[in-house]
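S.K.: Here's a structure for you.
The values are calculated or read from the model by the stated rules, or taken from the named source; none is laboratory data. Just so you know, these numbers come straight off a predicted model, no measurement behind them. All Cβ positions, even for glycine, are placed from backbone atoms using ideal geometry, and neighbour counts span all protein chains on display. The protein model used for the area step is the full one, side chains on, heavy atoms only, and it has no ligands, DNA or RNA in it. Shrake-Rupley method; radii C 1.70, N 1.55, O 1.52, S 1.80 Å.
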Amino acid sequence: ELSLLLGMNIPLSWLERVPTYKDQIEKLKERDLGTYGFLGYPVLMSADILLYRAAFVPVGEDQLPHIEITREIARRFNHFYGREPNFLEKAEAALKKTGKKTSQVYVDLRTRYQEKGDHEALNVGKALISAQQNLNMSEQEILLGYFDGGGKEILPEPQALLTPESKFPGLDGGKMSKSYGNAVHLRDDAETVEKKIKTMLTDPARVRRTDPGDPEKCPVWSLHKIYSGEDVKDWVQKGCRSAGIGCLDCKRPIIDAMNKELQPMRERAQEFEKNPALVRHVVAEGAEKAREAARATMQDVKHAMGLLYR
């Protein structure tokens, strides 16, 4: 429902410029991706975030454009629907209460932020407003909304929370994705993981076993950065550059480390496979908690849009 309402306000050009949209259109030419659902997927993803008013979203580097468009969607919605009746008049009245000197500082900071995108001015402006003892909470909220050009913040803009390793390479050296068929799945068995890693692309300069290579040009090295300790990484650097180890030798620590990481996940998945009733219970319990938060957001969204009929 939120995705539908947000989609009514999002310019088509915003969706067409999302990097992942362009990338998949290029790489998945054998599929018919010229659909409403595929183009509008970032709006659905944004609704998943905004519905629960998330402050932070843990993502990989490739998902940063989706977080940014979510922020833009929230900003646009707040700008259109966050203004209450007589908003400008109320903002000007609240500003007068701060005094002539503070009012001028506020105006200067607001101009710096809106015209030059000076985020430091935004931070100083927020602190300035919060420090005004003669303003009530409602007046402070109005001045905060007036500062960034919108009104009341109905949908907060989330921040990206990058994971420690924000980019994970696929078996072909590109982005790992199920869609591209280059992924190691969390429930792959040990033999499948070993087979996939053994076929992973390596430094193209190493045509023969005796050819020296450069780990920095090899996708497998990216996995060593994630899974290997300093001693193993040092062994790889020296062995690869001197042709002292082969590519399969280099891949063995990755296979062992990845299977060690995945084994507890496989075992836990098997427990749930044996007890589908427990899975349904967990899903139902989580869904009800999510609905509770979602109902509150949708109430505010519909109220702001004038869609409440009773």
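S.K.: About its Cα centre, how strong a charge dipole does the chain have in debye, to the nearest 20, once Lys and Arg get +1 and Asp and Glu get -1 at the Cβ?
M.R.: 240
S.K.: Same structure again: Looking at the range 178-228, which GluC sites (Glu not before Pro) are DSSP coil and have at most 14 other C-beta atoms within 10 Å of their C-beta?
M.R.: none
S.K.: Sticking with this one: Set the bar at 21 Å for Cα to Cα. Now go through Lys196/Lys225; Lys29/Lys178; Lys195/Lys274; Lys178/Lys289; Lys27/Lys233 and name every pair that lies beyond it.
M.R.: From the list (Lys196/Lys225; Lys29/Lys178; Lys195/Lys274; Lys178/Lys289; Lys27/Lys233), the Cα-Cα distance tops 21 Å for Lys195/Lys274; Lys178/Lys289; Lys27/Lys233.
S.K.: Loop-only check: which GluC sites (Glu not before Pro) in the range 1-36 are DSSP coil with at most 14 other Cβ within 10 angstrom?
M.R.: Numbers: sites: Glu1, Glu16, Glu26, Glu30; in loops: Glu1, Glu30.
Loop-located and lightly packed - Glu1, Glu30.
S.K.: Please name whichever of Leu308, Pro276, Ala290 sits farthest to the positive end of the charge dipole of the range 192-310, dipole taken about the Cα centre and charges placed at Cβ: Lys and Arg +1, Asp and Glu -1.
M.R.: Leu308
S.K.: Quickly rank 298-308, 72-82 as a protection proxy: mean count of other C-beta atoms within 10 Å, highest first.
M.R.: So the peptides 298-308, 72-82, ranked by packing, come out 72-82, 298-308.
S.K.: For the range 1-148, what number results from the quotient of the Cα radius of gyration and 2.2 N^0.38 Å?
M.R.: Values: Rg = 19.4 Å, N = 148, 2.2 N^0.38 = 14.7 Å.
Rounded to two decimals, the normalised Rg is 1.32.
S.K.: So what is the orientation-averaged projected area of the range 115-205, using the convex hull of its C-alpha atoms, in nm²? Mind dumping the intermediate values first?
M.R.: Values: hull surface 47.0 nm².
Approximately 11.7 nm², given one-decimal rounding.
S.K.: Then there's this: Straight-line reach from Lys101: which lysines have Cα under 21 Å away, leaving out those fewer than 8 places along the same chain?
M.R.: Straight-distance partners of Lys101: Lys90, Lys126.
S.K.: Where only protein heavy atoms count, and the probe is 1.4 Å, what is the accessible area per residue for the chain in Å²?
M.R.: Per residue, the chain has an accessible area of 61 Å².
S.K.: Select one label from [x] 78, 53, 41; [y] 78, 49, 38; [z] 49, 44, 38: the one whose number is Cα extents along the principal axes in Å as derived from the coordinates shown.
M.R.: Answer by label: [y].
S.K.: Which percent of the accessible heavy-atom area of the range 137-233 goes to carbon and sulfur, probe 1.4 angstrom?
M.R.: In the range 137-233, the share of accessible area belonging to carbon and sulfur is 53 percent.
S.K.: Could you work out the relative contact order of the chain? I mean the mean sequence separation of Cα pairs under 8 Å and 6+ apart, divided by the number of residues, in percent.
M.R.: Value for the chain: 18 percent.
S.K.: What list of ³J(HN,Hα) values in whole Hz, one per residue of the range 134-140 in order, does the Karplus curve 6.51 cos²θ - 1.76 cosθ + 1.60 (θ = phi - 60°) give from phi, with Gly and Pro shown as x?
M.R.: Whole-Hz 3J(HN,Hα) from phi for the range 134-140: 8, 9, 7, 4, 5, 5, 5.
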